[in-house]
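Written out below as structure tokens is the structure these notes cover.
Read the figures in this text as sums done on the coordinates, not as results from a lab. On a predicted model such as this, the values are computed, not experimentally measured, just so you know. Every residue, glycine as well, gets a Cβ built from its backbone with ideal geometry; the counts of neighbours run over all protein chains shown.
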Amino acid sequence: MITLTLDIKDAPRMGLAECKANLSSVVFDVEEREVPVVVMRYGKPAALIVPFPKAPAARSPKARGILAQIADEEKRGLESSAFANAMVAKHARQ
């Protein structure tokens, strides 16, 4: 579960019709600048467009810590080539 904390006091406000007419550019701006936009309806806040939280960077699959001492590069190479061969065989049948 991700919890967002936003300061919307200074967030730009936009009317519903304007937002609807320019939704692609509004979403692009929210995504790039990472600033929420308050959508107003009849002069009152009705919705909030916020940037989606970025996922943490994926870890590399390399052995680390205690496993690094027992990692066998030759077996890794065999595993990698076995996977490549399986993919070639799978796609050759189609």
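The table below lists the values:
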quantity: Where labels lie 7 Å past Cα in the beta-carbon direction, separation of residue 9 and residue 22 in nm; calculated: 2.6
quantity: Packing-based exposure ordering (other Cβ within 10 Å, fewest first) of 49, 8; calculated: 8, 49
quantity: Vicinal HN-Hα couplings computed from phi for the stretch 44-49 (Karplus, 6.51 cos²θ - 1.76 cosθ + 1.60; Hz; Gly/Pro x); calculated: 10, x, 10, 8, 9, 9
quantity: Residue-count net charge about residue 40 - beta-carbon cut-off 10 Å; Lys, Arg +1, Asp, Glu -1; calculated: +2
